[in-house]
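First the structure, in the form of structure tokens, and then the observations on it.
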Amino acid sequence: MWEEELTSKSDTVTLRNGIRIPCIGFGTWKLTPEEAKEGVLEAIKAGYTHIDTATAYQNEEGVGRALKESGLRRDEVFVTTKLPNADHGYFKAMDSLKGALLRLGLDHVDLYLIHWPVIDTFKDRFEEDICETWRALLEMEKEGIVRVPGVSNFMVKHLKVIEENGLKLPFVDQIQFNPQCIDTELRAFLEEKKILCEGWSPLAQGRVFGYEKLSALAEKYSCDVAQLCVRFALQSHVIPLPKSKTPYRIASNANVFDFKISDEDMKIIESHSSYGRIGNEPDVPRVEQVVGFTVK
Ligand SMILES: NC(=O)c1ccc[n+]([C@@H]2O[C@H](COP(=O)([O-])OP(=O)(O)OC[C@H]3O[C@@H](n4cnc5c(N)ncnc54)[C@H](OP(=O)(O)O)[C@@H]3O)[C@@H](O)[C@H]2O)c1
């Protein structure tokens, strides 16, 4: 998947089904529909060709307006959205995607992810729920309304449920990845199974700006801390999804192709994993809030 050297933000990584995914995505969590529209237009202007939203973010409609206004051909942009927790289950998932497509103004999404593995309603029978919901995503793939079915926040044990039930494994797992959260064991499993890893909160929602060692490394590589972290993800074989609503940051966050972090410095960045992940482990059941998630 990562055999080729990446030289620009529009370079792609090839999934095990042969579909190519642009190596940096623009994150949209916490953006209102209007901010999402402006942000996506800025991102496209800056050269991003990969946009990450979710039904739970309640901004798909803004993303859709930006895609339309951008004038890009459908095959020039890679769009991800995610199945919300309230819509697990075969038929609900089918209906949920149809709603998302209407809001996005698209006839298919490139990547569709089950947003969270264990949800409150099904916490006592999450294995059954994962299989039923995953079957819906595989059907969407067959129907051509989803090019790539995937999951998010799945740990090894959740992926094993799919595998042990004889179902095709996801092509992508979108997990938290930043200097504080590197999940080495899970990433080794993903690599073994040829499941591409995407990294959410690559800037640890701003926490990375408070670490002296990261600032010193950024100075060494003549970049800023955000660029260091985006580059760190790429060199860890993780697709980063940095979010910003600030135009100059949107552009600069993806300009990470004129330096390479040494193996020694990668280890220094990884040493921040002692600070731990943001939020709970993904097998804590979740319910939805108005925007994003809250832990019950
Ligand atoms: N699958 C999941 O469960 C899941 C969970 C969380 C996130 N995600 C996805 O991953 C994306 C990224 O994660 P995230 O939004 O949590 O956080 P993030 O990208 O780690 O950090 C975003 C924060 O960093 C700031 N920032 C961005 N670039 C900066 C720069 N160059 N200098 C200084 N500050 C900068 C942003 O501020 P401004 O906006 O004010 O510039 C914002 O406050 C999300 O938007 C979403 O698409 C997925």
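The values are calculated or read from the model by the stated rules, or taken from the named source; none is laboratory data. In this text the structure is predicted, and so the values were computed from the model without any measurement. Cβ atoms come from the backbone with ideal geometry, glycine included; neighbour counts cover every protein chain shown.
Yes or no: segment 47-60 includes at least one residue that is modelled with pLDDT of 95 or more, on the phi > 0 side of the Ramachandran plot and surrounded by fewer than 24 Cβ atoms within 10 Å (Cβ to Cβ). Yes. Could you tell me whether Gly39 is of a type outside the set (A, V, I, L, M) and away from the ligand (no atom under 11 Å from the Cβ)? Spelling it out, it is not the case that Gly39 is of a type outside the set (A, V, I, L, M) and away from the ligand (no atom under 11 Å from the Cβ). Here Lys194, Lys213, Lys243 are screened, and the one residue that is of a type in the set (Lys, Arg), touching a strand residue (DSSP E or B) at 6+ places or on another chain (Cβ under 9 Å) and modelled with pLDDT of 95 or more is Lys243. Looking across segment 214-243, the residues that are more than 16 Å from the chain's Cα centre (by Cα) and assigned to a helix (DSSP H, G or I) come down to Leu214, Ser215, Ala216, Leu217, Ala218, Glu219, Lys220, Val225, Ala226, Gln227, Leu228, Gln235. Scanning segment 174-213 for residues that are within 12 Å of the ligand (Cβ to nearest atom), of a type in the set (D, E, K, R) and either under 15 Å from Leu234 (Cα atoms) or in a loop (DSSP other than H, G, I, E, B) (or both) yields a count of 1.
Of the residues making up segment 7-36, those that are farther than 23 Å from Arg147 by Cα and more than 16 Å from the ligand (Cβ to nearest atom) are Thr7, Ser8.
Against the numbered list (1) within 15 Å of the ligand (Cβ to nearest atom); (2) assigned to a helix (DSSP H, G or I); (3) basic (Lys, Arg); (4) out of contact with any helix residue (DSSP H, G or I) (no Cβ under 8 Å at 6 or more places or on another chain), Lys98 comes up short only at (1).
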